[in-house]
Amino acid sequence: MSTQIVVPPMGESVSEATVAKWLKKVGDPVRMDEPLVELETDKVTLEVNAAAAGTISEIKVQTGGNVGVGAVLGLIQEGAASVSSPNANATTSAPAQPQKAAAANNSTPPAAQPAKTPAVASASAPAPMPAARKNAEDRGINPYDVPGTGKNGQATKGDVLNYAAQPQAKAPAAKASAQPSGPRPRAAEEERVRMTRLRQRVAERLKDAQNTAAMLTTFNEVDMSTIMALRAQHKDTFEKKFGVKLGFMSFFVKACVLALKELPSVNAEIEGEDLVYKNYYDIGVAVGTPQGLVVPVIRDADKINFADIEKTIGDLGKRARDGKLSMADLTGGTFTITNGGIYGSLMSTPILNPPQSGILGMHAIKERAVVVNGKVEARPMMYLALSYDHRIIDGREAVSFLVRVKESLEDPRRLLLEI
């Protein structure tokens, strides 16, 4: 008896995935619930486990193949110790190989065939009807931009046709990088590798943020002397008591929460013609991984202490690097913090993480000459950058937010007293 290896439901708004890596090959024995294959979606990497014990008898979709929910990836022969197949070598998964460049005979390399990527959608947006999605994508329209009249607000094919007839329904600008650029004189020294779904998703979301939001960035700087002295004094006791190191990020999370409470527009978002003010503080922390940028979320950051924040950040960061984050870990954030300083960045202008209206950029700590009480001193300074959506946040509020964060970091007692 054979059991199918099936693509499971992958979360709201995610309908497609790419086979990233087979963990087993044809003929390998498997145990019940043993991981068999890794799938990469535009948000997370997930494992498909064995629904029965037995032996892998067939692999239907090779590494690099695109699949939808419910697709059959392969078969398990239940109870078999091994399967002898003349096509075993042909069906065994192998890592995806980049397309080799054309030989140096002035022929152009074959253009990479980009996979169809799911359109950008908010975490709360209902998935459009399949016919509506296909019709919209054929017309170059983001199906999630189409107001839906179907069940639960889903967009129908008729909604897409009506939307397409409106002036604002414009196809997105062609991606220069996706089009062949003509003959490449040094093609033999190049190779092509398809973008991962996560990298495509990051590119889409960041470009969407630039196109949609009235994005500006304002700057300030903070003297890190007090926090650094505080950490040096208490780090050993803190780690011994809580089992986690005391880092900078917990101070920044708490400082941002305090500022968000005072300036609620920075914690809000625009939804249609409404402003949605959130009375909860789910702080996203940007994490760079080999697969791309992800932003796992610290839930209710205002209700947990420094140790719990550090533990949560450590756990989310590890799972992000291991590709073990779930959809729930990545959705619903109200504000984001990104730390380019760990890579040595001195200053940057971070891009919004839609639909959020603000993102704080941390940077490298450098000793600089500053005037303190009329005297020039060398102090460990960090530049802060707040990128914000000017449609909802005024310049006064943006500047006030950064000043509030600066004050809390330079006098950490404020974070304990919440003053």
Problem - Some residue of the range 253-273 being surrounded by fewer than 16 Cβ atoms within 10 Å (Cβ to Cβ), more than 27 Å from T226 (Cβ to Cβ), modelled with pLDDT under 95 and of a type in the set (D, E) - result: yes
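Would you mind listing the strands (runs of 3 or more DSSP E) fully within the range 264-308 where at least 3 residues are touching a Leu at 6+ places or on another chain (Cβ under 9 Å) and touching a residue at least 12 places away in the same chain (Cβ under 8 Å)?
Numbers: elements: 268-271, 274-277, 283-285, 287-289, 292-294.
Counting at least 3 such residues, we get 283-285, 292-294.
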Exercise for the section: Look at the range 274-285 and say how many of its residues are within 19 Å of Y388 (Cβ to Cβ), touching a Pro at 6+ places or on another chain (Cβ under 9 Å) and surrounded by fewer than 21 Cβ atoms within 10 Å (Cβ to Cβ). Expected result: 3
Completion exercise
The one condition G344 fails out of (1) under 30 Å from V37 (Cα atoms); (2) in contact (Cβ under 8 Å) with a residue 12 or more places away in the chain; (3) open to solvent by 20 Å² or more (accessible area, probe 1.4 Å) is (1)
Completion exercise
Scanning the range 120-162 residue by residue, those modelled with pLDDT under 75, part of a loop (DSSP other than H, G, I, E, B), open to solvent by 30 Å² or more (accessible area, probe 1.4 Å) and more than 24 Å from N353 (Cβ to Cβ) turn out to be M129, R139, Q154
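Filter the range 206-232 down to residues that are open to solvent by less than 50 Å² (accessible area, probe 1.4 Å) and farther than 30 Å from P380 by Cα and give me whichever is modelled with the highest pLDDT. Walk me through how you get there before you give the answer.
Going through the range 206-232, the residues open to solvent by less than 50 Å² (accessible area, probe 1.4 Å) turn out to be 209, 213-214, 217-218, 220, 222-225, 227.
Next, from what is left, pick out any that are farther than 30 Å from P380 by Cα: 209, 213-214.
Working: A209: 81, A213: 87, A214: 92.
Step by step, filter the range 206-232, then rank; the result is A214.
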Exercise for the section: Could you tell me which residue of the range 163-198 is nearest to A136 (Cα to Cα), considering only residues that are at pLDDT 75 or above, open to solvent by 90 Å² or more (accessible area, probe 1.4 Å) and outside any loop (DSSP other than H, G, I, E, B)? Expected result: E191
Fill in the blank from the handout: Considering residues that are touching a Gly at 6+ places or on another chain (Cβ under 6 Å) and assigned to a loop (DSSP other than H, G, I, E, B), the number found within the range 49-81 is 3
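The values are calculated or read from the model by the stated rules, or taken from the named source; none is laboratory data. Keep in mind that this is a model prediction, so the values were computed, not measured. Please note: Cβ atoms are built from the backbone with ideal geometry, for glycine as well, and neighbour counts cover all protein chains shown. We work out accessible area using only protein heavy atoms, side chains counted, and drop any ligands, DNA or RNA first. Shrake-Rupley method; radii C 1.70, N 1.55, O 1.52, S 1.80 Å.
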